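First the structure, in the form of C-alpha cells, and then the observations on it.
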Amino acid sequence: MVQDLLHSSPSLLNFGIFFAMALAFLFVILGFVTYAILAERKVLGFMQGRIGPNHLGGRWGLLQTVADVLKLLVKEDLIPKASDRPMFIIAPVIAFAPAFVVVATIPFTENLQFADLNVGLLYYIAISGITIIGTLMAAWASNNKYSLLGGMRATAQMVSYEIPLVMAGLGIVLLTGSMNLNDIVLAQQESGWFILWQPVAFVVFFIAAMAELYRVPFDLAEAENELVAGFHTEYSGFRWAMFMLAEYVYMFAMSALIIVLFFGGWLPPFEFLSFIPGAVWFGLKFAVVTYVLYWFRATFPRMRPDQLMEFAWKILLPVALANIFLTALLKELLNIF
Amino acid sequence: MTVSGEFIAFLALALVAIIGGVLLLNLKKVVHMVVALVFTFLSIAGIYVLLSAEFLAVVQILVYSGAISIIMLFGIMLTKHNDEDEGDSKGGGWRKAFLFLGVLAFGAVFYIGIYNLDFGSAPAALHENNPEQIGIELYSKYVIPFELMSVLLLVAFVGAIVLSRNDEKEEADKE
C-alpha cells in the first residue's frame, strides 16, 4: 500500500494520508512506551520483592505512567540562565527524531512495514547514530560539568559499541547476502532462525545492543549516583520526557531488530503452528525480548568506564571479527546457504 | 514543469543544505557552526536518496554526521570551547568588489557548466540492490585502487599511534 502511495502524484490528500499514518504509528509507539515503563516497574518490583505501582488505574496501576506523563507535560519549562539557549531547546528534538525515523524500516509482519529499504540494517545503524549528536548537544548546552561528563561518556560508549554491533550483524548479512530486513526474515524461513546458525553473533549483538540502549550493565552515562543523571541533569518537564521517550523508542526498535535478525521476525517457530498469524508471533517474541531486558536491569551491577571501553574494543570486536571469518569459511566450505 | 513529490523533496532538502552552509559561515559560536554543518550533511544524504543511491546516503550519514561531526564536537569541547568569531574583518571597498566579482564568476561558470550538461541516459536498474552492485564493481573493476586505499588507511592508523606514543614519552620526560 505504501509503495503505491509513494509512486502516486503528490497532492494534499496524499500528504494527509502519510501524515495520518505516521501520527497513528506515533501513538502506537507512545502507547507501547507507556506500558513498557509500567511493565518495567512491575517486573523490577517483582524481582525485588515489592509490588510496584498499584494505586492508579486498578490493581495493576494501569494508569500510573499516564499520570506521570501528564505531570511532566504540565511542569514548568525550565531553561537554565547560563545554558546555551538555542541548543538547549533543539537537543531533545534531535535526540528523539531519529528514534522514530528508525522504526520505519522494521518489518513487523509481511504487510506491516513502512519502508522496504535494501539497506535496512545499515539504515538503522546510521540513523540511530544521529541521536548521539543530540545527546552531546544536550550535554554541552546544559553548561554543567556533570552533564558534560555524562555526555562524553555516552558518546564514547555509543561510538565504541556501534562497531561490534555492525560486525555481529555482518555475519547475518553474509549468510543472507542482503541487508534488506525482509529478505533476512525470509531467509530464516528455509534455514531456521539465525540464532541457531549465529549464536556467537547473537551474544555479541545483544551485549552491544544493551550498551547502545544505555540499559543497566552499561548505564554509566546516566548513572544517577555518580553523575546526577548525566547529560540530562538540567532538563526537566517535557524536554526531559523527550529524552526518556527516545530511550524507550530505541528499546522498542532494538528489540524488534533483534527479533528480525535472530528470531525469525514474524515467522512461527514450527511449521505446524503457522495457523497463528505473524503479528501474534512477533508480539510474543517481542514480549520475551523486552522481559529479558528488564530482567538484566534487575540483576546486573553497573560496569566501570575503563572496563566498558576495554570490553568493547578488546573482547567484543575480536570475537565479532572471528565470527565473520568463521561464517565466511562455513559458507564457502559447507555450502549450506 | 510539473511539481512532483520528488521536486518538493529536493527543494526542501536543498534549502536546508544551503541554510546549513550559510549558518555555518554566519554563526558566532563554534559548536553552533558544527551543528549547522550536521544539517547540511543530513540534507545532502537526503538528496542522495532522491538520486536512488541509498547506500551512499546511509554511508554519508554514518561517516559524516555520525563520525566526523562527533569528532569535531569532541575536539571543540575538549579544547578552545569558548572561542567566538570576532565578527567580520572590515576590508576596503575594493575587496568587496572583488569578492562580488568572484561570486558572479563562480555562478556563471557553474550555470554554463551545468545547464546543458548531458550524462547520457542513466541505466534504469541503478536503484535495485545498489549495495550489491557497488560491491561487484569494487571487487572486479576497481580492486587495485580499493586495496591501495586500505594501505593508506593502515598508514594513517600507524601514524596516529606513533604520534600519540611520542606525546606520552615527552610527558614522562617532563615529569
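The values are calculated or read from the model by the stated rules, or taken from the named source; none is laboratory data. The structure presented is a predicted model; accordingly, all values stated were derived computationally and were not measured. Quick reminder, even Gly has a Cβ in these numbers, built from the backbone with ideal geometry, and neighbours come from all protein chains shown. Ligands, DNA and RNA are stripped out before the accessible areas are found, and what is left, the full protein with its side chains, is counted by its heavy atoms. Shrake-Rupley method; radii C 1.70, N 1.55, O 1.52, S 1.80 Å.
Some notes on this structure:
- Qualifying residue in region B:19-31 (condition: modelled with pLDDT under 85 and in a helix (DSSP H, G or I)): yes
- Candidate set: region A:257-268, residues that are in contact (Cβ under 8 Å) with a residue 60 or more places away in the chain and not in a helix (DSSP H, G or I); chosen: the one nearest to A:Met210 (Cα to Cα): A:Phe263
- Taking region B:14-29 as the range and being out of contact with any strand residue (DSSP E or B) (no Cβ under 7 Å at 6 or more places or on another chain) and open to solvent by 40 Å² or more (accessible area, probe 1.4 Å) as the test, the residues that pass are B:Leu15, B:Val16, B:Ile18, B:Ile19, B:Val22, B:Leu23, B:Leu24, B:Leu25, B:Asn26, B:Leu27.
- In region A:96-130, the residues that are away from chain B (no Cβ under 13 Å) and either over 18 Å from B:Ser65 (Cβ atoms) or among the small types (Gly, Ala, Ser) (or both): A:Ala99, A:Val103, A:Ile106, A:Pro107, A:Phe108, A:Thr109, A:Glu110, A:Asn111, A:Leu112, A:Gln113, A:Phe114
- The lone exception for A:Val159 - which of (1) under 29 Å from A:Ala22 (Cβ atoms); (2) within 12 Å of chain B (Cβ to nearest Cβ); (3) hydrophobic (A, V, I, L, M, F, W, C); (4) under 20 Å from the mean Cα position of the chain (by Cα) it fails: (1)
- Helices (runs of 4 or more DSSP H) within region A:1-113 that include 3 or more residues open to solvent by 30 Å² or more (accessible area, probe 1.4 Å) and farther than 17 Å from A:Gly237 by Cβ: A:2-7, A:12-47, A:85-102
Per-residue answers, yes or no, for (1) within 29 Å of A:Met179 (Cα to Cα); (2) assigned by the TED database to the domain that holds A:Met251:
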{"site": "A:Ala39", "(1), (2)": "no, no"}
{"site": "A:Phe88", "(1), (2)": "no, yes"}
{"site": "A:Ala99", "(1), (2)": "yes, yes"}
{"site": "A:Val103", "(1), (2)": "yes, yes"}
{"site": "A:Phe108", "(1), (2)": "yes, yes"}
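- Residue within region A:136-149 that is open to solvent by 10 Å² or more (accessible area, probe 1.4 Å), away from every other protein chain (no Cβ under 12 Å), part of a loop (DSSP other than H, G, I, E, B) and in contact with a Gly (Cβ under 7 Å, 6 or more places away or on another chain) present: no
- Lone qualifier among A:Ile172, A:Ile195, A:Ile132 - being open to solvent by 20 Å² or more (accessible area, probe 1.4 Å) and either in contact with an Asp or Glu (Cβ under 9 Å, 6 or more places away or on another chain) or assigned to a helix (DSSP H, G or I) (or both): A:Ile195
- Single match in A:Leu257, A:Leu284 (criterion: modelled with pLDDT of 90 or more and assigned by the TED database to the domain that holds A:Gln157): A:Leu257
So that you can scan it fast, the table gives a plain yes or no per residue for (1) more than 11 Å from chain A (Cβ to nearest Cβ); (2) assigned to a helix (DSSP H, G or I); (3) more than 12 Å from the chain's Cα centre (by Cα); (4) surrounded by 21 or more Cβ atoms within 10 Å (Cβ to Cβ):
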residue	(1), (2), (3), (4)
B:Tyr48	yes, yes, yes, no
B:Ser52	no, no, yes, no
B:Ser65	no, yes, no, yes
B:Phe74	no, yes, yes, no
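- Residue in region A:116-128 that is free of Cβ contacts under 8 Å to residues at least 24 places away in the same chain and either outside any helix (DSSP H, G or I) or among the hydrophobic types (A, V, I, L, M, F, W, C) (or both) present: yes
- Only listed residue being within 13 Å of another protein chain (Cβ to nearest Cβ), within 15 Å of the chain's Cα centre (by Cα) and in a helix (DSSP H, G or I), chosen from B:Leu37, B:Leu11: B:Leu37
- Filtered residue count, region A:303-337, keeping only those that are exposed (fewer than 14 other Cβ atoms within 10 Å of the Cβ) and under 24 Å from A:Ser255 (Cβ atoms): 1
- A:Glu212 meets all of the listed conditions (1) within 21 Å of A:Pro92 (Cβ to Cβ); (2) within 11 Å of another protein chain (Cβ to nearest Cβ) but one, namely (2).
- Taking the listed residues B:Phe106, B:Phe146, B:Phe110, B:Phe98, the one that is at pLDDT 85 or above, more than 14 Å from every other protein chain (Cβ to nearest Cβ) and either in contact with a helix residue (DSSP H, G or I) (Cβ under 8 Å, 6 or more places away or on another chain) or under 30 Å from A:Val101 (Cα atoms) (or both) is B:Phe146, with no other qualifying.
- Residue within region A:244-256 that is more than 30 Å from A:Arg304 (Cβ to Cβ), within 14 Å of another protein chain (Cβ to nearest Cβ), within 19 Å of the chain's Cα centre (by Cα) and in a helix (DSSP H, G or I) present: no
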